[in-house]
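Only one structure is covered here, and it is reproduced in the block below.
The values are calculated or read from the model by the stated rules, or taken from the named source; none is laboratory data. Bear in mind that the values here come from a model prediction, so they are computed numbers and not experimental data. Note that we place each Cβ from the backbone using ideal geometry, even for glycine, and neighbour counts take in every protein chain shown.
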């Protein structure tokens, strides 16, 4: 009983991480041209592969988001979401280090930055947000069973 | 704490009634993801059967090519609703149009359609104007009449087909074919070909101006002096 706040926190974490992923996925899925450009500008993949990844990524994010929100496979999905965040942190970090003048493109609006210049604030904000979301994913891995989830609850988490 | 965790691994609480709902939800989510990926991969290919406007070739990335025999080739990737493209046009439109009219450059226009919901109908209307030999005029008019992005944000719709037809008439198009072309959305599929080609060419923003295969820095695009110098350096006077 006294640990019930944990399951509310799990629900909050699921909605937070799921909500961010859903928004990110939806805004990119709406605009495939921008979504692919925002993958290409990180210069991590050859153009053809970047385009395929750009078309698929929004739907992967949407899928992970929906699973988190309804609370299915929370532990596994939290690992995948955390891995995705680490990948994003790496991508943004290397773009910053290489001085690639880009918008993050995390929520659409990707591509080359409007004035063709490097804006350190952009990279820093993205990295800090993704670190925060990685922490949320970590919490969900530790306490996957919260309120209103479709996963079968386990004793320890109730 | 550690104790409890150990225990939980072996004693899941059974909630049999939920199993069906759970699989149903998993199935629906899987369907959404697969359908989304499938549609995204299928829709964003170029379609070789799409009707294309006059003076377009696949080799030029489906761009509208004016003076194809001129030696200096200028590829311009723009979106009719992109405010920075309007800046580029405000600075260089007169000069570029003059070079095209004098036959000094092979201008290849790639009208992109990712900024606003009406970018595609604007691009398609410009293609309809190309069929009437009025591409340059329509192109100029579309930028001259682009809404102020502080009033109409760049990602909200502005143009309607009716307005685009009137705009075409204002630059001297009289043929009914143009009206039909715009209204029927004849060249909307072609705008996807433009996008697919731009993706394959690693075009990551608009405007992108490429002169003889070399992408100009954005700073050059917005600076009339620097932009003109690119062409005078290539022997164009």
For this session: Go over the candidates B:196, B:226 one by one and state the one that is at the interface with another protein chain (Cβ under 10 Å from one of its Cβ atoms) and not in a loop (DSSP other than H, G, I, E, B).
Result: B:196
Problem set entry | Test result for residue B:221, touching a strand residue (DSSP E or B) at 6+ places or on another chain (Cβ under 6 Å) and within 14 Å of chain A (Cβ to nearest Cβ) | yes
Exercise. Is there any pair with a first residue in the range A:44-60 that is facing chain B (nearest Cβ under 7 Å) and a second that is assigned to a loop (DSSP other than H, G, I, E, B) and surrounded by fewer than 21 Cβ atoms within 10 Å (Cβ to Cβ) whose Cβ atoms are under 7 Å apart and which are 6 or more apart or on different chains, and what are they?
Worked result: A:47/B:202; A:55/B:44
Exercise. Based on what the data block shows, is residue A:91 closer than 20 Å to residue A:127 by Cβ, touching a strand residue (DSSP E or B) at 6+ places or on another chain (Cβ under 8 Å) and at pLDDT below 95?
Worked result: no
Exercise. What single numbered condition from (1) under 13 Å from residue A:110 (Cβ atoms); (2) facing another protein chain (nearest Cβ under 10 Å) fails to hold for residue A:27?
Worked result: (2)
Seminar exercise, completed: Of (1) in contact (Cβ under 8 Å) with a residue 60 or more places away in the chain; (2) within 14 Å of chain A (Cβ to nearest Cβ); (3) in a loop (DSSP other than H, G, I, E, B); (4) more than 14 Å from the chain's Cα centre (by Cα), residue B:210 satisfies every one except (3)
Seminar exercise, completed: Only unsatisfied item for residue A:115, checking (1) surrounded by fewer than 19 Cβ atoms within 10 Å (Cβ to Cβ); (2) at pLDDT 90 or above; (3) more than 16 Å from residue A:25 (Cβ to Cβ), is (2)
Problem set entry | Contacts under 6 angstrom Cβ, first residue in the range B:34-46 being more than 9 Å from chain A (Cβ to nearest Cβ) and under 18 Å from residue B:188 (Cβ atoms), partner modelled with pLDDT of 85 or more and surrounded by 13 or more Cβ atoms within 10 Å (Cβ to Cβ), 6 or more apart | B:45/B:196; B:46/B:193; B:46/B:196
Exercise. Just checking, which of B:20, B:77 is more than 9 Å from chain A (Cβ to nearest Cβ) and either out of contact with any strand residue (DSSP E or B) (no Cβ under 8 Å at 6 or more places or on another chain) or modelled with pLDDT under 90 (or both)?
Worked result: B:20
Seminar exercise, completed: From the option list A:77, A:41, single residue qualifying as over 20 Å from residue B:77 (Cβ atoms) and either crowded, with 17+ Cβ neighbours inside 10 Å or more than 10 Å from chain B (Cβ to nearest Cβ) (or both) is A:77
Seminar exercise, completed: Within the range B:112-121, residues within 14 Å of chain A (Cβ to nearest Cβ) and surrounded by 22 or more Cβ atoms within 10 Å (Cβ to Cβ) come out as B:112, B:113, B:114, B:115, B:116, B:119, B:120
Exercise. Do you know which of the residues in the range B:54-64 that are surrounded by fewer than 21 Cβ atoms within 10 Å (Cβ to Cβ) and at pLDDT 85 or above is farthest from residue B:97 (Cα to Cα)?
Worked result: B:59
